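Heads up, the thing below is written out as C-alpha cells.
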Amino acid sequence: MDAIIIRPAGAGDRSAVDALHEREWGGPYVVAHDTRYDLRTLPTLVAVDGAGTVVGALAHHGDGDGLEVVSVVAAMPGGGVGTALVAAATEVARAEGRARLWLVTTNDNLRALRFYQRRGLRLVRVDAGAVDRARRLKPTIPKVGEDGIPLHDELVLELRLTERD
C-alpha cells in the first residue's frame with residue numbers, strides 16, 4: 001500500500017468523506033450515548049493515499065477532558081488506515097491537553113473491540129439498552145448486527161493519555 005497521509009479534512013474532501021459515511025452508516029448521521037451526531041459538522045481527519053484519494057476518515061469532537069472519536073471509516077479495512085487515523089486523533093487529543101481518547105461501539109462489533117484493544121483502548125463501561133434507545137433517534141439501526149448478534153448495548157472504550165488523579 002502507498003504511504004498514507006493523515007490531515008484535517010478540507011472542503012474538497014467533502015464528497016469523498018460523505019461517500020464513506022453513506023457506505024458505512026447509511027448517511028451522515030450516527031447516534032451514540034443518546035446523542036444524534038451530524039458527521040458533516042464535526043472536525044474530521046482524512047487518510048489520503050499516494051494518489052491523493054481519500055481512503056479513510058475519522059470524525060471527532062472534544063468533550064471536557066476527552067476527545068471522542070465519533071466515527072472511523074476506512075475504504076479497505078485491514079490496510080493500516082484505521083490505525084493511522086486513531087494514532088493521529090490521539091495526537092490531536094494530546095495537543096489539546098486532553099486526558100483521554102474515547103469512543104463508543106456496539107456489543108456486536110467484535111472486530112472493533114479487537115482493533116481498539118490492540119491499540120491500547122480499554123473497555124470502561126457498558127450501557128445496556130443504549131442501541132435500543134438509539135433506534136428512537138435513528139430507526140434504521142438494525143436489530144441484529146454483525147455475526148447475527150442481537151444489537152442492544154453500547155460499549156465505551158478509552159485510552160488514558162494522562163495518569164488518573
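Things to note:
- Taking the criterion of being closer than 26 Å to residue 141 by Cα and either surrounded by fewer than 18 Cβ atoms within 10 Å (Cβ to Cβ) or among the β-branched types (Val, Ile, Thr) (or both), the residues of the range 88-108 that qualify are 104, 105, 106.
- Meets criteria (touching a strand residue (DSSP E or B) at 6+ places or on another chain (Cβ under 7 Å) and without any contact (Cβ under 8 Å) to a residue 12 or more places away in the chain) for residue 63: no
- Leading residue by the ranking (farthest from residue 49 (Cα to Cα)) among those in the range 1-20 that are in a loop (DSSP other than H, G, I, E, B) and open to solvent by 60 Å² or more (accessible area, probe 1.4 Å): 1
- Filtered residue count, the range 109-146, keeping only those that are open to solvent by 60 Å² or more (accessible area, probe 1.4 Å) and over 19 Å from residue 25 (Cβ atoms): 10
- Residue pairs whose Cβ atoms lie under 7 Å apart, separated by 6 or more positions or on different chains, with the first residue in the range 76-87 and touching a residue at least 40 places away in the same chain (Cβ under 8 Å) and on the phi > 0 side of the Ramachandran plot and the second in a loop (DSSP other than H, G, I, E, B) and buried (at least 16 other Cβ atoms within 10 Å of the Cβ), are 80/4.
- Within the range 35-79, being more than 23 Å from residue 95 (Cβ to Cβ) and among the polar types (S, T, N, Q) holds for 35, 53.
- The range 88-107 residues that are under 12 Å from residue 71 (Cα atoms), paired with ones that are among the aliphatic types (A, V, I, L, M) and open to solvent by 50 Å² or more (accessible area, probe 1.4 Å) (beta carbon under 8 Å, 6 or more apart): 102/124
- Scanning the range 17-55 for residues that are small (Gly, Ala, Ser) and modelled with pLDDT under 95 yields 19, 26, 27, 32, 50, 51, 52.
- Among the residues of the range 61-119, those that are acidic (Asp, Glu) and either under 14 Å from the mean Cα position of the chain (by Cα) or in a helix (DSSP H, G or I) (or both) comprise 68, 91.
- Residue count for the range 147-158, restricted to those that are over 18 Å from residue 25 (Cβ atoms) and part of a strand (DSSP E or B): 4
- Selection within the range 30-55 - in contact with a helix residue (DSSP H, G or I) (Cβ under 7 Å, 6 or more places away or on another chain) and touching a residue at least 40 places away in the same chain (Cβ under 8 Å): 30, 31, 33, 34, 45, 46, 47, 54, 55
The values are calculated or read from the model by the stated rules, or taken from the named source; none is laboratory data. Just so it is clear, the structure is predicted and the values come from calculations on it, not from any experiment. Backbone-built Cβ (ideal geometry, glycine too); neighbour counts: all protein chains shown. Surface accessibility is based on the protein's heavy atoms, side chains included, excluding ligands, DNA and RNA. Shrake-Rupley method; radii C 1.70, N 1.55, O 1.52, S 1.80 Å.
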